[in-house]
1. How large is ³J(HN,Hα), in whole Hz, for each residue of region 167-183 in order, when computed from phi with the Karplus curve 6.51 cos²θ - 1.76 cosθ + 1.60 and θ = phi - 60°, using x for Gly and Pro?
2. If we count every other residue with Cβ under 14 angstrom of ASP141's Cβ, Lys/Arg +1 and Asp/Glu -1, where does the sum land?
3. Between ASP234 and VAL188, how many nm apart are label points set 7 Å from Cα along the C-beta direction?
4. What residues qualify as long-range amide H neighbours of GLY78, i.e. H under 5 Å apart, gap of 5 or more or another chain, H built at 1.01 Å from N?
5. 5 Å is the cut-off here: which amide hydrogens, built 1.01 Å from N in the peptide plane, fall below it relative to ALA48, excluding neighbours closer than 5 in sequence?
6. Report the full-extension gain for the segment PHE255 to VAL103: residue separation times 0.36 nm, less the Cα-Cα distance, to one decimal in nm.
7. Using a 7 Å offset from Cα along Cα-Cβ at TYR181, what residues in region 190-226 end up with backbone N under 17 Å from the label point?
8. Can you give the relative contact order of region 208-261 as a percent, counting alpha carbon pairs under 8 Å and 6+ residues apart?
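What follows draws every value from the coordinates through simple rules; no lab data is involved. Just so it is clear, the model here is predicted, and its values are computed rather than measured. In this analysis, Cβ positions are derived from the backbone assuming ideal geometry, glycine residues included, and neighbour counts consider all displayed protein chains.
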Amino acid sequence: MKREQFAEGAPVYRAGTLQRWRAFGKGWSLLLVGLMPLLAGAQGMRQAWVARYNGPSSSLDSASALAVDSQGNVYVTGRSVGSGTGFDYATVKYDTNGRQLWVARYNGPGNRGDAAAALAVDGQGNVYVTGVSEGSGTSGDYATVKYDTNGRQLWVARYNGPGNGLDSASALAVDSRGNLYVTGYSVVSGTDWDYATIKYVPCPGPCPGDVDGSRLVDDSDLLRVLFAFGQVGDRPEDLNCDGVVDDADLLIVLFNFGRRC
């Protein structure tokens, strides 16, 4: 058996699926085990606590990813059968002693198959979860969800690839500027499975009004908003991310005109 190397004095956490038998069939629960070093520099660990999560249907709950923040809070995500919703994302936050602080569930528009695969936490304690989620007529899509430190859902970003087939996210990372990166595989006609990597940026961004990324809000940004005025969709000129380039975006440029970032 391969021996794992741990930083001296650092707690180690394991998340997974525990199979259990019931009178009428079998089911599973999310299982999280916290292990603490016996002594600084000593070989071996002792169990500090075990935290279990059983979803609302008392059926299959399977963890797939885990993260720990700078305060020692522990985050676990995976898939969990809901009440009439099939599999949902189920994300649980525990404090450093294994006490459950909150549970956040996500049921996609397909109301059927949603399975989280990866999780990250930023410096402010916001939680990002991604995986695969059945859409409405779109098979499986990337579905990336952001929660605040209290488990409130802030937004959901979905991605349906050009093949309108199965798109499944498997990893994500967040950088120091709040940019989010998600990757996985996406089915495309003629090329089968491809990598599909997406970058999401904060909205509004770190330099409000700076459309072209020059770090100066100037005539160039104003002209870009004016020429894109009225257009809809995911555009850099849509500075407030409401889906349309309009007066609100123009005002953001005007109020920040001349600002250097």
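1. For region 167-183, the Karplus-derived couplings read 10, 10, 7, 10, 7, 8, 8, 10, 9, 5, 8, x, 6, 10, 10, 10, 9 Hz, x marking Gly and Pro.
2. Around ASP141, the surrounding residues sum to -1.
3. Rounded to a tenth, the inter-label distance reads 1.5 nm.
4. Hits under the 5 Å cutoff: SER64, ALA90, ALA116.
5. Amide H neighbours of ALA48, under 5 Å, 5+ apart: GLY34, LEU35, MET36.
6. 50.7 nm
7. The answer is 195-202, whose backbone nitrogens lie closer than 17 Å to the label point.
8. Result for region 208-261 is 43 percent.
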